[in-house]
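Note sheet for the following structure.
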Amino acid sequence: MSNELTWYMILLSSILINNIVLIRFLALCSFFGVSNEIETSIGMGMAVIFVMTLASASTWILWYALLLPLHLEYLRTAVFILVIAGLVQFVEMYMKKALKSLYNAMGIYLPLITTNCAVLAIALLNIDYGLGFVNSIIYTVGVAVGYTVAIILFAAIKERIALSTTIPASFRGHPIGFITAALMSMAFLGFSHLFGL
């Protein structure tokens with residue numbers, strides 16, 4: 001198998017087949033909380049792509065350059081959380097200064113990227129899967145793009161549902177949101193045989 005096909009398969013499978021939200025059910029708090037408008041969802045997706053990619057690269061380097069050689073493997077989770085928290089603070093300060101309206105629209109969910117289990121999970125999975133630096137970045141970008149695709153699709157569907165008058169009152173709000181997410185998850189399961197696996 002060629003290197004080109006390998007990176008392509010890593011990228012495509014992390015976006016569609018193993019979607020972090022719809023298949024692995026991680027990052028659900030921001031998925032349900034920020035997805036009320038498409039514009040806010042796009043902003044959240046871009047912030048997650050940026051933070052997740054930088055966090056993944058930083059934690060991979062820290063793991064192989066510092067923690068592993070010094071036999072400090074037991075500090076992995078704590079160090080990774082500190083790196084992620086620092087990066088989120090950087091993104092939050094930038095958005096507060098340069099993108100004030102998006103910063104206000106995201107509210108509490110922007111700092112929640114710090115505790116977004118998907119960001120930490122990808123940093124840990126890159127190490128656990130034994131991916132090299134380039135493949136870990138490709139995998140991370142794919143996961144972050146998959147998150148962004150899922151949250152934008154969900155926001156678009158929720159905007160359409162909000163305009164509907166045929167949904168019973170007992171299903172409005174969170175119940176129809178959970179049903180929609182479940183149907184999206186089932187649709188993404190259709191990608192599981194994309195590579196004939």
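The values are calculated or read from the model by the stated rules, or taken from the named source; none is laboratory data. All of these numbers come straight from a predicted model, not from anything done at the bench. Cβ placement follows ideal geometry from the backbone for every residue including glycine, while neighbour counts extend to all protein chains displayed. These area figures cover heavy atoms from the full protein model, side chains too; ligands, DNA and RNA do not enter into them. Shrake-Rupley method; radii C 1.70, N 1.55, O 1.52, S 1.80 Å.
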In terms of the charge dipole of the chain, which places +1 on Lys and Arg and -1 on Asp and Glu at the beta carbon, the residue among His71, Gly177, Gln89 farthest towards the positive end is Gly177
At a 1.4 Å probe radius, carbon and sulfur cover how many percent of the accessible area of segment 8-189? 72
Only loop residues by DSSP count here, and only those with at most 16 other Cβ atoms within 10 Å; note down the trypsin sites (Lys or Arg not before Pro) in segment 93-197 that meet that. Arg172
Return one whole number: the accessible area per residue of the chain in Å², for a 1.4 Å probe. 52
What ranking do 67-80, 19-32, 119-132 get when scored by the average of other Cβ atoms within 10 Å per residue, highest first? 19-32, 119-132, 67-80
With a point put 7 Å past each Cα toward its Cβ, work out how far Ile61 is from Met186 in nm, to one decimal. 4.6
For the chain, what is the mean residue ellipticity at 222 nm derived from helices alone (per DSSP H run of n ≥ 4: -39500 (n - 2.57); sum divided by total residues; nearest 500 deg cm²/dmol)? -22000 deg cm²/dmol
For the chain, shape from the Cα gyration tensor axes a ≥ b ≥ c, cut at a/c of 1.5 then a/b versus b/c, turns out oblate
Cut-off 14 Å between beta-carbons: net charge of the residues surrounding Ile176, Lys and Arg +1, Asp and Glu -1: +2
Please compute the modelled spin-label separation between His174 and Leu124, points set 7 Å along Cα→Cβ, answer in nm with one decimal. 2.5
For helix 117-128, what angle does its Cα long axis make with the longest principal axis of the chain, in degrees from 0 to 90 and rounded to 10? 30
Within segment 160-197, whose backbone N sits under 19 Å from a point 7 Å along Cα→Cβ of Tyr8? 191-197
